[in-house]
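Enquirer: What follows is a structure written as structure tokens; I'll ask about it next.
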Amino acid sequence: MSASAHSWKGLSLDAKAFIGLVIAAGTASLLEAAIHQNSKNIAEFICYLGIAVLASRLRVNLPGITGTLSVNFLFILVGIAELSYSEAITLGAISMLAQCLYPSRPGAIQLTFNVCAGSLSTALAYLMYHNSLANSLIVNRPLVLCLAASIYFIVNSGCIAVVISFSEGKLLRQILVECYFWSFPYYLVGAGIAAAIAWFNDAFNWETSLLFVPAIYLIYRSYGLYLGKLEDEKRHVEEIANLHLRTIEALALAIEAKDQTTHDHLQRVRVYAIEVAKELGMKGADLEALHAAALLHDIGKLAVPEHIIAKPGRLTPEEFEKMKIHTVVGAEILERVRFPYPVVPIVRAHHEKWDGSGYPFGLKGEEIPIGARILSAVDYLDALASDRQYRRAMPLDDVMQRLIAESGKAFDPQVVHVLEERYRTLENLALAQSGRDGSAAPSAAIQIMRGPAPDAGFENAAVSDAPGREATFLSSIAAARQEAQSLFELSQDLGASLSLGETLSVFSVKLKPMVPYDAIAIYILRDDILIPEYVNGDNYRLFSSLRIPVGDGLSGWVAQNKKPIVNGNPSVEPGYLNDPDKFSTLRSALALPLEGVAGVIGVLALYRAEKDAFTSDHLRILLAVSGKMALAIENALKYQQAESSATTDYLTGLPNARSLFLQLDRELARCKRDNASLTLMVCDMNGFKKINDRFGHLEGNRVLRLFAQSLKDSCREYDYVARMGGDEFVVIATGLAAGDAAKRVEQIRPLARQAGFDVCGEDILSLSVGMAVSPDDGNDAEQLLAQADRRMYMEKQKQPSRKDQRLHARMDCRLTIELYPQSGGGPVFGNLVDISLGGCYVETSVILTPGSNLKLVFSIDNTNPDGALTAEGKVARIHPGSGVAVQFNEMSRETREKMYRILEFVQNSTTVYNDRYLQNHFQR
């Protein structure tokens with residue numbers, strides 16, 4: 001009895017009654033054998049019994065079957081043929097007992113049932129073999145033994161099967177077919193071997209039959225080794241098959257990676273397909289086939305060009321013909337894997353439709369494999385519910401309504417019904433779960449004759465006239481002549497100007513009669529970003545704000561692949577409708593690349609509110625002028641760059657002297673026409689050379705840039721600020737009254753001082769400004785500049801002379817310090833009288849050599865965290881017997897910070913000494 005029959009308490013009443021009946025019948029057989037004991041040859045019985053017990057431990061694993069078969073049944077059949085009834089029953093019971101006790105120990109009920117069932121089977125088989133009627137009807141003894149073996153198999157297996165049927169509620173026939181009929185042929189083979197042993201006993205003697213035992217054991221061992229080798233080979237084949245599957249899975253993922261908008265496509269399709277298949281009762285090999293096909297169904301897209309797969313628009317008929325081959329190519333690839341289940345038919349037919357309008361073979365209804373029918377519907381649902389290049393994802397409820405509408409047309413109604421009932425559950429399941437090779441090349445050049453059009457429709461390739469306006473030959477001739485004339489005029493106008501804005505504006509005006517549009521955008525490629533250079537028409541602000549990376553959206557795809565798109569979806573442009581505040585009624589777009597000498601320089605995009613508004617004629621016209629247009633834009637961009645370089649100062653970004661004279665002439669002419677005034681201010685920095693000499697030209701450049709930016713920010717938006725050259729700047733202020741001009745000058749002066757202090761940390765710069773007013777001081781640019789320049793230099797002369805001008809403010813002080821001359825010797829004491837960042841004066845009677853170096857110690861207080869406050873310099877001049885003037889060495893930023901601490905220390909010490917002196921003075 002199988003372990004699956006559970007414990008005695010868990011058995012049904014019918015099962016318990018049947019077990020009792022079998023035990024009673026088996027016990028009766030054993031009692032009858034015990035009562036009527038007789039033996040033909042006790043030695044023969046003992047020998048066969050021992051062999052049967054040993055053979056009970058020899059089990060054979062049968063290939064392709066999960067069960068095992070004990071060799072002892074062979075010797076039970078020998079006992080039935082050669083031994084007496086009591087000996088055969090005893091041999092059968094004991095060998096069954098040994099078989100049950102090895103390798104596991106069953107329960108008492110199970111052990112008793114198995115022994116009694118074995119005894120009953122042996123008794124019935126014995127009675128069959130020795131039945132006189134059977135022997136009279138069947139003369140051939142081996143055939144009678146085969147019949148006895150059949151009785152033994154039926155009774156023994158049937159008893160166990162009935163118990164399982166009662167306890168688990170399964171059909172008896174199903175249990176016999178699935179669990180026991182596989183072993184029946186081996187019982188017949190065993191009967192043949194037992195018949196051969198019996199013939200040897202009759203022909204010779206029973207001892208001779210023992211020669212079969214080593215042969216049987218050798219056969220058993222050889223068969224075991226053979227089965228082991230088969231198992232190894234099977235494991236190797238499975239590993240190779242798994243390797244093929246993993247390889248093709250990698251290829252499938254590579255195909256999926258070509259289209260970033262369907263990243264979770266395989267995972268969702270697989271989950272949906274498997275669950276729908278289970279609902280429809282698919283199992284076993286068919287379910288495994290669908291599982292693999294759901295993963296690999298698009299592997300044939302290896303033979304489809306990437307620009308077709310990733311095209312953000314509808315396919316042309318030629319592109320659709322290329323796309324259709326992926327079903328056949330995918331099937332060819334997978335045929336070489338030799339799956340043990342039917343994957344290839346599903347992949348080949350997953351674009352067939354229920355009404356026969358699909359491809360590649362136009363199969364209809366039940367002709368389509370059930371797996372392909374499931375995959376087709378699931379693939380359709382996923383495609384509509386996912387973002388694609390040519391449209392946004394649709395809500396799942398709307399997708400389901402479309403799928404239901406196609407039931408009985410494109411899809412199997414049964415499959416659609418299951419999806420309708422469970423699509424929400426399946427979507428949650430898909431969200432919960434996270435996302436093979438042949439020697440011959442795929443048939444990329446084949447042509448599929450089936451499939452009239454893709455589900456999204458073809459890209460329009462013809463113009464349809466409005467009702468009542470059918471074209472006649474006269475109107476066709478007139479239209480052709482008008483088109484030729486318009487193209488000629490457009491080509492002439494494109495080369496008439498080097499201004500980029502003017503060129504694009506003229507192009508848009510001349511293009512509209514030939515290719516009507518509601519909006520136009522001309523994108524220029526700068527650093528792999530498409531920037532709208534010219535926009536006109538509807539949604540002007542939306543298109544002007546776009547910044548489109550190459551490869552993204554409709555225009556980005558056109559720039560990357562250098563291919564036009566007709567009637568694309570404008571909403572797929574990156575950033576176009578991501579803002580909920582934005583809304584567009586534009587529904588079709590025509591975009592083509594503009595290719596210059598150096599490659600793609602931009603994209604021309606036209607937009608219409610009507611769906612499918614553009615035709616192949618429109619594309620033909622644009623292709624005819626796109627080359628000329630690209631060349632004109634390229635020339636205008638080069639001219640724009642050259643013009644900018646010729647009129648802009650490279651350092652400050654302000655207009656240069658050349659641009660200044662041009663602008664001044666234009667402004668003076670305008671002031672004459674409008675009878676308006678113009679104020680010209682010329683600014684020159686005082687002390688800028690000192691910055692270059694002391695801090696270097698890089699710091700000087702920083703001062704110029706900082707002052708230029710401050711000067712521009714302080715002026716009105718329409719004032720013109722330029723760099724004349726060096727440290728001279730000019731401001732053109734139109735309509736500025738004389739009083740306001742003076743106030744403006746006072747606002748400008750501190751900007752130079754602040755710029756110098758921000759960079760150098762010193763109050764080192766000042767600004768001289770000269771003004772000239774038109775028409776009072778002249779109406780000519782040179783006259784005004786000369787007058788303003790003269791006044792600026794007059795103001796510069798009023799600045800302190802270089803001899804009397806000090807770089808740093810002095811501070812009077814009273815402090816005793818130490819001086820250490822470079823020549824050596826002890827320290828020299830002196831009284832510090834005044835000090836600045838540049839130097840100091842010390843009263844001392846010691847005579848020092850002018851130009852000699854010395855070290856000054858202002859404080860030797862060890863409690864100071866910075867240690868002794870010292871500075872180094874050289875003797876600038878001497879007053880014998882009175883004192884010396886010391887000039888400090890050039891300072892870096894770090895030493896300047898230290899000098900600030902010295903100045904602070906000197907000031908604090910002087911204050912303390914002054915307070916003490918005044919206190920003592922008043923106490924007197």
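The values are calculated or read from the model by the stated rules, or taken from the named source; none is laboratory data. All figures in this text were calculated on a predicted structure; none of them were measured in a lab. Here the Cβ positions follow ideal geometry from the backbone for every residue, glycine too, while neighbour counts run over all protein chains shown. Ligands, DNA and RNA are excluded from the accessible area calculation, which covers all protein heavy atoms including side chains. Shrake-Rupley method; radii C 1.70, N 1.55, O 1.52, S 1.80 Å.
Enquirer: Amide H of LEU767 versus every other amide H placed in the peptide plane: which residues, excluding those fewer than 5 positions away on the same chain, fall under 5 Å?
Expert: Close amide H contacts, sequence-distant or interchain: ASN686.
Enquirer: Based on the mean of other Cβ atoms within 10 Å per residue, sort peptides 129-140, 739-750, 609-620 so the most packed one is first.
Expert: Per-residue mean Cβ counts within 10 Å order the peptides as 609-620, 739-750, 129-140.
Enquirer: Quote to one decimal, in nm, the extra length available between ARG916 and TYR639 on full extension: 0.36 nm per residue of separation minus the C-alpha distance between them.
Expert: 92.1 nm
Enquirer: Right, here's the next one. Output wanted: per-residue J couplings in Hz (rounded whole) for the range 823-828, from phi through Karplus 6.51 cos²θ - 1.76 cosθ + 1.60, θ = phi - 60°, x for Gly and Pro.
Expert: 5, x, x, x, x, 10
Enquirer: From the phi angles alone, apply the Karplus equation (6.51, -1.76, 1.60; θ = phi - 60°) to the range 516-522 and give each ³J(HN,Hα) in whole Hz, x where the residue is Gly or Pro.
Expert: Working through the residues one at a time gives x, 8, 9, 8, 10, 9, 10 Hz.
Enquirer: List the aspartates and glutamates whose Cα sits under 13 Å from the Cα of LYS689, skipping any in the same chain fewer than 8 residues away.
Expert: Reachable aspartates and glutamates: GLU699, ASP727, GLU728.
Enquirer: Something else: In terms of Cα to Cα distance under 18 Å, which aspartates and glutamates are near enough to LYS353, apart from those fewer than 8 places away along the same chain?
Expert: Answer for LYS353, where 18 Å is the Cα cut-off: ASP298, GLU321, GLU366, GLU367, ASP379, ASP382, GLU406, ASP412, ASP455, listed by chain and number.
Enquirer: Determine the per residue accessible area of the range 521-668 with all protein chains present and a 1.4 angstrom probe, expressed in square angstrom.
Expert: Spelled out: the 1.4 Å probe surface of the range 521-668, per residue, equals 45 Å².
Enquirer: Label-point separation (nm) for GLU306 and LEU287, each offset 7 Å from Cα along Cα-to-Cβ?
Expert: A separation of 3.9 nm, rounded to one decimal place.
Enquirer: Same structure, new question: How many lysine pairs in the range 271-326, separated by 8 or more positions in sequence or lying on different chains, have Cα atoms less than 20 Å apart?
Expert: Total qualifying Lys-Lys pairs in the range 271-326 comes to 5.
Enquirer: Turning to a different aspect of this structure: Quick one: which residues, 5+ away or cross-chain, put their amide H under 5 Å from the amide H of SER407? H built at 1.01 Å from N.
Expert: The list, which skips near neighbours in sequence, is empty: none.
Enquirer: Given bins 5 angstrom wide, list per bin the percent of all Cα-Cα distances in the range 665-705, short to long.
Expert: Bins of 5 Å from zero give 6, 19, 18, 10, 6, 8, 12, 12, 8, 2 percent of pairs.
Enquirer: With a 1.4 Å probe and every protein chain left in place, work out the accessible area per residue of the range 295-426 in Å², rounded to a whole number.
Expert: Roughly 39 Å² per residue, with all protein chains present.
Enquirer: Take SER836 and THR247, extend 7 Å from each Cα along the Cα→Cβ direction, and tell me the distance between the two endpoints in nm.
Expert: For the pair SER836/THR247, the computed spacing is 8.7 nm.
Enquirer: Efficiency by 1/(1 + (r/R0)^6): what FRET value for LEU429 and LYS364, r their Cβ-Cβ distance, R0 = 35 Å, to the nearest 0.05? Walk me through the numbers on the way to the answer.
Expert: On the way: r = 32 Å, r/R0 = 0.90.
Computed FRET efficiency for LEU429 and LYS364 comes out at 0.65.
Enquirer: Measure off 7 Å from each Cα along the Cα-to-Cβ vector at ARG716 and ARG541, then give the distance between these two points in nanometres to one decimal.
Expert: Computed distance between label sites ARG716 and ARG541 equals 2.8 nm.
Enquirer: Sticking with this one: Find, among the trypsin sites (Lys or Arg not before Pro) in the range 684-718, those assigned to loop by DSSP (not H, G, I, E, B) with at most 14 other beta-carbon atoms within 10 angstrom.
Expert: On the way: sites: LYS689, LYS690, ARG694, ARG702, ARG705, LYS712, ARG716; in loops: ARG716.
Qualifying residues, ordered by number: ARG716.
Enquirer: Sticking with this one: Would you mind getting me the FRET efficiency between GLU610 and SER357? Use the beta-carbon distance for r and R0 = 25 Å, nearest 0.05. Could the numbers behind the result be given before it?
Expert: Values: r = 28 Å, r/R0 = 1.13.
Efficiency for this residue pair is about 0.35.
Enquirer: List, in order, the whole-Hz ³J(HN,Hα) value for each residue of the range 228-234 obtained from phi through the Karplus relation with A = 6.51, B = -1.76, C = 1.60 and θ = phi - 60°; use x for Gly and Pro.
Expert: Working through the residues one at a time gives x, 5, 4, 5, 4, 5, 5 Hz.
Enquirer: Still on this structure, I have one more. I need the Debye-formula profile for the range 497-620: one equal scatterer per C-alpha, no solvent, reported as log10 I(q)/I(0) at q = 0.09, 0.18, 0.20, 0.22 1/Å, two decimals.
Expert: -0.22, -0.93, -1.17, -1.43
Enquirer: With the calculation restricted to Cα positions, what are the radius of gyration and Dmax of the range 328-420 in angstrom?
Expert: 14.0, 40
Enquirer: Let me ask something additional. Using the beta-carbon distance between ASP674 and ASN701 and R0 = 51 Å, what value does 1/(1 + (r/R0)^6) give for FRET efficiency, to the nearest 0.05?
Expert: Calculated transfer efficiency: 0.85.
Enquirer: Now a separate question. Express the accessible area of the range 721-771 per residue in Å², computed with a 1.4 Å probe while the remaining protein chains stay in the model.
Expert: Computed with neighbouring chains in place, this is 36 Å² per residue.
Enquirer: Now, a different point. Evaluate the Debye formula for the range 279-337 with equal point scatterers sitting on the alpha carbons, no solvent, and hand back log10 of I(q)/I(0) at q = 0.16, 0.25, 0.28 Å⁻¹, in q order, two decimals.
Expert: -0.61, -0.98, -1.11
Enquirer: Mind ordering 26-35, 316-325 by average Cβ neighbours within 10 Å, highest first?
Expert: On the way: 26-35: 16.7, 316-325: 18.4.
Packing order, densest peptide first, comes out as 316-325, 26-35.
Enquirer: Search the structure for amide H atoms under 5 Å from the amide H of LEU736, placed 1.01 Å from N in the peptide plane, and list their residues when 5 or more places away or on another chain.
Expert: Sorted by chain and number, the residues that satisfy this are THR679.
Enquirer: If you take the charge dipole of the range 738-793 about its Cα centre, with +1 on Lys and Arg Cβ and -1 on Asp and Glu Cβ, which of ALA738, LEU785, ALA772 is farthest toward its positive end?
Expert: Of ALA738, LEU785, ALA772, it is ALA738.
Enquirer: Among the lysines, which have Cα under 16 Å from the Cα of LYS510 when same-chain residues fewer than 8 positions away are ignored?
Expert: Here the lysines satisfying the reach criterion relative to LYS510 are LYS628.
Enquirer: To one decimal place, what orientation-averaged projected area in nm² is obtained for the convex hull of the Cα set of the range 595-752?
Expert: Mean projected area of the Cα convex hull: 15.5 nm².
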